[in-house]
Amino acid sequence: GLAVEALNGAPGVYSARYAGVNAGDAENTAKLLKNMEGVANRKAAFHCVISIAVPSGPALTYEGTCEGELLTAPRGEDGFGYDPIFFYPELGKTFAELTMAEKNKVSHRGRAMAEMAAEFEQVLKWVKQRLTEEKPPKPDHGQFEHNDWSEEIMVREVK
């Protein structure tokens, strides 16, 4: 999501729902611009976290961040979300003015994916190992196969 320094990290994980559950990009952007009226500190950063989790092991996590500034009005036609007001100083453009190739190189998502891609072969091996590891046997619930849920059996199972 988008974290705005002057808003203590908002909208953050609520970026897509900033103006409400059913709000779209235009409404979210309008609310953010309204909340930023008269605010000098325009620093903002997009954050992305990619996690790969399997039942038999810890999750692998990859993070990407892209720092920029918020403009006071939209600029550019491409992209989505807050792209028209997110200015990336290193390229002198908003995300909505970048080509897809340019954006993928510098965006938070692109950076997280690049981090994961750098070790993709090892990630695949890790996932395969975790998925083939022996799993603990499932508990025997045979006594319940015929819907024998008497109070005596349930109390015994709980203890």
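Read the figures in this text as sums done on the coordinates, not as results from a lab. None of the values given here were measured: they were computed from a predicted structure. We place every Cβ from the backbone using ideal geometry, glycine too, and count neighbours over all the protein chains shown.
Counting Lys and Arg as +1 and Asp and Glu as -1, what is the net charge of the other residues whose Cβ lies under 12 Å from the Cβ of Thr94?
Around Thr94, the charge tally is -3.
Quick one: which of Lys103/Lys128; Lys31/Lys93; Lys34/Lys103; Lys34/Lys93 span more than 24 angstrom between C-alpha atoms? List each step's numbers first, then the result.
Details: Lys103/Lys128 32 Å; Lys31/Lys93 22 Å; Lys34/Lys103 26 Å; Lys34/Lys93 22 Å.
Where the Cα-Cα span goes over 24 Å, the pairs concerned are Lys103/Lys128; Lys34/Lys103.
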